[in-house]
Amino acid sequence: MIYECHGHIILDGVAYTGAVKHHENGVDEAVVRQNLKICADHGVVFYRDGGDKHGVSVFARQIAGEYGIDYRTPAYIIHKKGYYGGMFGRAFENIPQYCGLVAEAKRLGADFIKLTASGMLDFADGGKVTGPEMPEALLCEMVKIAHSEGFAVMIHANGADNIKRAAASGADSIEHGYYINTDALAVMAQTGAVWVPTSVTAANLIGSGKYDDGALSVIFNEHKASLIEAYALGVPIACGSDAGASCVPQGAGTLDELETLMSLGIDPDPGNCKVAEIFRRK
């Protein structure tokens, strides 16, 4: 069975702006159904969305069963104002506002909460991690509140220190995890956080002409080495491709991610099953 543990059904694998434009005046049902069918045709039976601010993943959850897909969504990313997350989420400035966003996600039928602890990788700048770093004390409070409401928490995090803080805060899964190190992996092994590495967000860009292939290859090879180390340490690893991201088409990107993990000797099934078990509405 094929699991996609981190995707964005709103995206098309080509360009964020063009894909989102379909839904600016309301969810485009035909586009959502097309993407779900593509996933189903590739054997995807489980899809954990990373959320969006246009209600697309919430709608997809309602109809995904028609395509034989067990679909989960956080509704949207919740991020602190001025930090990464605006592409797919809603911002808060203080804890009462954060609690309001958690309550709204619950009202919308969210299965879990998604937070951010860092920015993205700027491949145009050699893969530099963008944005400010989230304070661990705030992360801990956010995770604690989400858990108290019965939600599991996925945290977007790149950079070793950011990943370590996210894992220490009680994250149930770490998304992307680029530039992870042994110390951060040790914390994840201790807490049992699942790593969803989205390896093909870097790998599939190689040869595309979008960025420097040398820099991309270094990032991808370091990521693979970290995955091997993580697996040896007992960190649960799940198959998540960031489906819909640039050069990561729905369905095919998921198979690319699975192939990458299997080529490293990593069986993602235990991690997939843990994600399916934990990231469900209580």
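Derivation of every value follows stated rules applied to the coordinates shown; laboratory data play no part. These numbers come from a predicted model, not from an experiment. Counting neighbours? That spans all protein chains shown, and the Cβs are built from the backbone with ideal geometry, glycine included.
Put a plus charge on the Cβ of each Lys and Arg, a minus charge on the Cβ of each Asp and Glu, and nothing anywhere else: the dipole of region 156-275 about its Cα centre is then about 200 debye. Candidates Pro96, Tyr47, Gln190 compared by Cα position along the dipole of region 2-278: farthest toward the positive end lies Pro96, with charges placed on Cβ.
Charges at C-beta only: +1 for Lys and Arg, -1 for Asp and Glu. How large is the resulting dipole of region 36-187 about its Cα centre, in Debye rounded to 20? Computed about the Cα centre, the dipole is about 300 debye.
Couplings 3J(HN,Hα) of region 178-184, computed from phi: 5, 6, 5, 9, 4, 4, 5 Hz, in residue order, whole Hz [Karplus 6.51 cos²θ - 1.76 cosθ + 1.60, θ = phi - 60°; x for Gly and Pro].
For the peptides 188-194, 27-33, the ranking by mean Cβ contacts within 10 Å, running from highest to lowest, is 188-194, 27-33. Residue ranges 51-60, 236-245, 268-277 sort as 236-245, 51-60, 268-277 when ordered by packing (mean number of other C-beta atoms within 10 Å per residue, highest first).
DSSP beta bridges confined to region 2-278 are antiparallel in about 5 percent of cases.
Here the relative contact order of the chain, from alpha carbon pairs under 8 Å that lie six or more residues apart, stands at 21 percent.
Considering only Cys239, Tyr16, His147, and ranking their Cα positions along the charge dipole of the chain that arises from unit charges at the beta-carbon of Lys, Arg, Asp and Glu, the one farthest toward the positive end is His147. In the chain, the DSSP-assigned H stretches of four residues or longer account for a calculated mean residue ellipticity at 222 nm of -12500 deg cm²/dmol, using -39500 (n - 2.57) per stretch and the full residue count as denominator. With the charge dipole of the chain set up from +1 on Lys and Arg Cβ and -1 on Asp and Glu Cβ about the Cα centre, the Cα lying farthest toward the positive end among the listed residues Ala30, Ala160, Leu261 is that of Ala30. Charges were assigned to the Cβ only: +1 to each Lys and Arg, -1 to each Asp and Glu. The resulting dipole of region 2-278 about its Cα centre is roughly 620 debye.
Under a 5 Å amide H cut-off, with hydrogens placed 1.01 Å from N, Ala152 pairs with Ile113, Arg280 among residues at least 5 apart or on other chains.
Only lysines eight or more places from Lys210 in sequence, or on another chain, were considered; those with a Cα closer than 23 Å are Lys21, Lys128, Lys224.
Summary of packing: across the peptides 222-230, 172-180, 138-146, the per-residue average of other C-beta atoms within 10 Å ranks them, highest first, as 172-180, 138-146, 222-230. Of all aspartates and glutamates in the structure, those lying under 15 Å Cα to Cα from Lys37, and not within fewer than 8 positions of it along the same chain, are Glu4, Asp12, Asp28, Glu29, Glu66, Asp70. In this structure the amide hydrogen of Glu4, modeled in the peptide plane, comes within under 5 Å of the amide hydrogens of Val45, Phe46, Tyr47, Arg48, none closer than 5 places in sequence on its chain. Calculate the length of the line joining the C-alpha centroid of region 72-142 to that of region 19-34, in whole Å. The distance from the Cα centre of region 72-142 to that of region 19-34 comes to 23 Å. Shown in residue order for region 30-36 are the 3J(HN,Hα) couplings computed by the Karplus curve 6.51 cos²θ - 1.76 cosθ + 1.60 at θ = phi - 60°: 4, 5, 4, 5, 4, 5, 5 Hz (x for Gly and Pro).
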